[in-house]
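Scroll down for the structure; my scribbles are underneath it.
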Amino acid sequence: MKRIILCLIAAMLLLPGYSEAANKQLEKARKKELNQKLKEYKKGKWEIMGSHTLDFALAKHFDRLNTLGDDAHEVEGISTKTKSKNTGKQAAINNAVVTYAQEAGSTLQGRVVSDMNANGADPSGEFDNFYAAYERLVEKEIRGEMEPSYSIIRTNPDGTYEIRTYFIITESAASKARMRALEEALKNSEAAQKYGAKITEFVKQGFE
């Protein structure tokens, strides 16, 4: 029965009329999401940094996200209080790199701990240095894969600036960066080397 239902759904998707209606519905949803984000920014008194308008920058960002699909990973970098716009933007970029590395590290740690506990092993303690090294190396490797998509800025009551910079990282490139970091981190961890194949599998999974 399940197979019949799947075949019917597949047949419906092949119908020109159904496909066209689905595309229109998707496009409508995209425009709605874009407009909501624009309203959110304007209400928060955010302005775009650079020569383009906020509308153009955001539309371009969303278009790339849609084009890349599942291969896209969005990262936000934040700088809360800086006196210089350039310094603030660089701080936001650094924050995005660190945020990604921490997310990668915590994701890997969660999977390792869960898997080891399920098999009656306790990896706490002996893996701590490995996690720290992996996270530090991901930060180093992922930096070259991160290009700012757009940055927004607003002025705080005390005259300092708050800046947010957004990135779109392709998972295909990020996966290679994480693997380079893993290979280096494993060299100095005998404990992690025992489970090298399993850990490699977890790293390849990314943030799924």
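The values are calculated or read from the model by the stated rules, or taken from the named source; none is laboratory data. None of the values given here were measured: they were computed from a predicted structure. Here Cβ is always computed from backbone atoms with ideal geometry, including for glycine, and neighbour counts include all displayed protein chains. These accessible areas exclude ligands, DNA and RNA; they are computed on the full protein's heavy atoms, side chains included. Shrake-Rupley method; radii C 1.70, N 1.55, O 1.52, S 1.80 Å.
Descriptive notes on the structure:
- Of all residues in region 188-208, those that are under 23 Å from VAL75 (Cβ atoms) have Cβ atoms under 6 Å from Cβ atoms of residues that are among the hydroxyl-bearing types (Ser, Thr, Tyr) and open to solvent by 30 Å² or more (accessible area, probe 1.4 Å), 6 or more apart or on another chain, in PHE207/THR107.
- For PHE56, the criteria (1) open to solvent by 70 Å² or more (accessible area, probe 1.4 Å); (2) closer than 22 Å to ASN156 by Cβ; (3) aromatic (Phe, Trp, Tyr) hold in every case but one, which is (2).
- Test: residue in region 67-75 that is open to solvent by 70 Å² or more (accessible area, probe 1.4 Å), in a helix (DSSP H, G or I) and more than 16 Å from SER151 (Cα to Cα): yes
- Subset of region 125-143 [assigned to a helix (DSSP H, G or I) and either in contact with a Leu (Cβ under 6 Å, 6 or more places away or on another chain) or open to solvent by 10 Å² or more (accessible area, probe 1.4 Å) (or both)]: ASP128, ASN129, TYR131, ALA132, ALA133, GLU135, ARG136, LEU137, GLU139, LYS140, GLU141, ARG143
- Total residues in region 79-114, condition surrounded by 16 or more Cβ atoms within 10 Å (Cβ to Cβ), of a type in the set (Gly, Ala, Ser) and under 20 Å from ILE169 (Cβ atoms): 7
- Residue list for region 169-183, filter: surrounded by fewer than 19 Cβ atoms within 10 Å (Cβ to Cβ) and not acidic (Asp, Glu): THR170, SER172, ALA173, SER175, LYS176, MET179, ARG180
- Of residues in region 184-208 being among the small types (Gly, Ala, Ser) and outside any loop (DSSP other than H, G, I, E, B), the one most open to solvent (accessible area, probe 1.4 Å): ALA197
- Condition met for LEU14 (more than 28 Å from ALA173 (Cα to Cα), open to solvent by 90 Å² or more (accessible area, probe 1.4 Å), modelled with pLDDT under 95 and among the aliphatic types (A, V, I, L, M)): yes
- Residue in region 149-167 that is modelled with pLDDT under 95, among the β-branched types (Val, Ile, Thr) and either open to solvent by 10 Å² or more (accessible area, probe 1.4 Å) or in a strand (DSSP E or B) (or both) present: no
Here's the yes/no breakdown for (1) small (Gly, Ala, Ser); (2) over 27 Å from GLY69 (Cα atoms):
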residue	(1), (2)
ALA118	yes, yes
ASP158	no, yes
ILE169	no, no
GLU201	no, no
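- Selected residue (criterion: nearest to the chain's Cα centre (by Cα)) from residues of region 37-47 that are assigned to a helix (DSSP H, G or I) and surrounded by 10 or more Cβ atoms within 10 Å (Cβ to Cβ): LYS37
- In the condition set (1) assigned to a helix (DSSP H, G or I); (2) farther than 16 Å from GLY206 by Cβ; (3) touching a residue at least 24 places away in the same chain (Cβ under 8 Å); (4) hydrophobic (A, V, I, L, M, F, W, C), ALA177 is compliant with all but (2).
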